[in-house]
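**Q** Please see the structure below; I have some questions.
The values are calculated or read from the model by the stated rules, or taken from the named source; none is laboratory data. Since the model is a prediction, treat every value here as computed from it, not as a measurement. Positions of Cβ are generated from backbone atoms using ideal geometry, with glycine treated the same way; all protein chains shown enter the neighbour counts.
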Amino acid sequence: MRRFVQDRLLAWKDSSDRHPLLVRGARQVGKTWSIIDFGRAHFPGVVHEVDFEQRPAAREFFEGDLDPRRVLTGLELLLGAPVRPGRDLLFLDQIQACPRALVALRYFYEQLPKLHVVAAGSLVEFALAEISFPVGRLDHLTMRPMTFVEYLWAIGNEVMADVVLDGPFPQPATTHALVLEELRRYFYVGGMQAAVSAYVAGLSLQRAFARQDALVQSYRDDFGKYA
């Protein structure tokens, strides 16, 4: 799916004053998908994903000494592949599960400046309460649910997306009615990427509603982690 955030990720990658990037946002807005898709499209090497919730063993490399070379060696052993600065993207996902990894990002910036590092997480604020945040050593990006234009891209309606992006210019009544009809459908589907994907798969509102119910339940299941 095409997302506006891809342009911001590319600007970060090419910046001469690049820091490790922290991508924040609610669960299921598309952070992981967008970062991996961006990495595969714009890096000549490999996207190395370390998910701290799926692979809790990765947290052990951030205990004690935070020398980035030592940490990177441990992650390479876990991944079974070298992480090559300038060619690969190191993606630390669900970083709220390993607050020490947030601290380590400043040392990646200071000692391994050629390595592209992106971290992502939901409710990162809870992790920040446990650590000394590396002020001035990180770039920040907040992702939100899909906009109406991103929804139009997802369903393949590029023409209508261009009309919306052109701005508030007078439109024929028929065009206005068509856009309003699709906007109403977007209000039903919502902007959560999983719900949009379910709708696109069969253009079925019922499938989107089922995915919405699953997302709501996953949010409820998460409440206990942050109480």
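**Q** So Gly39 ticks every box in (1) in contact with a strand residue (DSSP E or B) (Cβ under 7 Å, 6 or more places away or on another chain); (2) more than 30 Å from Ser197 (Cβ to Cβ); (3) of a type in the set (Gly, Ala, Ser) but one. Which box is left unticked?
**A** (2)
**Q** Cβ-Cβ under 6 Å, sequence separation 6+ or interchain: first residue in the stretch 60-86 and outside any helix (DSSP H, G or I), partner surrounded by fewer than 13 Cβ atoms within 10 Å (Cβ to Cβ). Which pairs?
**A** So the pair list comes out as Pro85/Lys114; Gly86/Lys114.
**Q** Something else about it: Scan Val124, Val118, Val135 and give me the residue that is under 16 Å from the mean Cα position of the chain (by Cα) and modelled with pLDDT under 90. Let's see the steps before the verdict.
**A** Numbers: Val118 fails: modelled with pLDDT under 90; Val135 fails: under 16 Å from the mean Cα position of the chain (by Cα).
Criteria check complete, one pass: Val124.
**Q** Sticking with this one: Go through the residues of the stretch 94-108 one by one and say whether even a single one is assigned by TED's automatic domain parsing to the domain that holds Lys31, touching a residue at least 60 places away in the same chain (Cβ under 8 Å), surrounded by 13 or more Cβ atoms within 10 Å (Cβ to Cβ) and farther than 12 Å from Pro20 by Cα.
**A** Yes, the conditions are met somewhere in the stretch 94-108.
**Q** Moving to a separate point now. Could you list, in sequence order, all residues of the stretch 179-203 that are within 29 Å of Gly167 (Cα to Cα) and out of contact with any helix residue (DSSP H, G or I) (no Cβ under 8 Å at 6 or more places or on another chain)?
**A** Hits for the stretch 179-203 are Leu180, Glu181, Arg184, Phe187, Leu203.
**Q** May I ask you to verify whether Val200 is within 23 Å of Thr32 (Cβ to Cβ), under 18 Å from the mean Cα position of the chain (by Cα) and not assigned by TED's automatic domain parsing to the domain that holds Gln28? Steps first, please.
**A** Details: within 23 Å of Thr32 (Cβ to Cβ): yes; under 18 Å from the mean Cα position of the chain (by Cα): no; not assigned by TED's automatic domain parsing to the domain that holds Gln28: yes.
Taking the combined requirement at face value, the residue does not satisfy it.
**Q** While we're here: Just to check your reading of the model, which residue among Ser34, Ser16 is within 27 Å of Gly190 (Cα to Cα), among the polar types (S, T, N, Q) and assigned by TED's automatic domain parsing to the domain that holds His116? Talk me through it step by step, then tell me what you get.
**A** Working: Ser16 fails: within 27 Å of Gly190 (Cα to Cα).
That would be Ser34, the only listed residue that is within 27 Å of Gly190 (Cα to Cα), among the polar types (S, T, N, Q) and assigned by TED's automatic domain parsing to the domain that holds His116.
**Q** Return only the number of the condition from (1) closer than 24 Å to Ala81 by Cα; (2) within 13 Å of the chain's Cα centre (by Cα); (3) of a type in the set (Val, Ile, Thr) that Val23 does not satisfy.
**A** So Val23 meets the others, but not (1).
**Q** Related question: Test Leu21 against the stated conditions and say whether it is surrounded by 19 or more Cβ atoms within 10 Å (Cβ to Cβ), within 15 Å of Val117 (Cα to Cα), touching an Asp or Glu at 6+ places or on another chain (Cβ under 9 Å) and in contact (Cβ under 8 Å) with a residue 12 or more places away in the chain. Spell out how you get there, then give the answer.
**A** Values: surrounded by 19 or more Cβ atoms within 10 Å (Cβ to Cβ): yes; within 15 Å of Val117 (Cα to Cα): yes; touching an Asp or Glu at 6+ places or on another chain (Cβ under 9 Å): yes; in contact (Cβ under 8 Å) with a residue 12 or more places away in the chain: yes.
Taking the combined requirement at face value, the residue satisfies it.
**Q** Which condition does Val124 not pass, out of (1) out of contact with any Phe, Trp or Tyr (no Cβ under 8 Å at 6 or more places or on another chain); (2) over 20 Å from Ser16 (Cα atoms); (3) without any contact (Cβ under 8 Å) to a residue 60 or more places away in the chain, if it passes all the others?
**A** Of everything listed in (1) out of contact with any Phe, Trp or Tyr (no Cβ under 8 Å at 6 or more places or on another chain); (2) over 20 Å from Ser16 (Cα atoms); (3) without any contact (Cβ under 8 Å) to a residue 60 or more places away in the chain, Val124 misses just condition (3).
**Q** Going by the conditions given, is Arg18 basic (Lys, Arg) and either part of a helix (DSSP H, G or I) or within 19 Å of Ala97 (Cβ to Cβ) (or both)?
**A** Working: basic (Lys, Arg): yes; either part of a helix (DSSP H, G or I) or within 19 Å of Ala97 (Cβ to Cβ) (or both): no.
No; evaluated as a whole, the condition is false for this residue.
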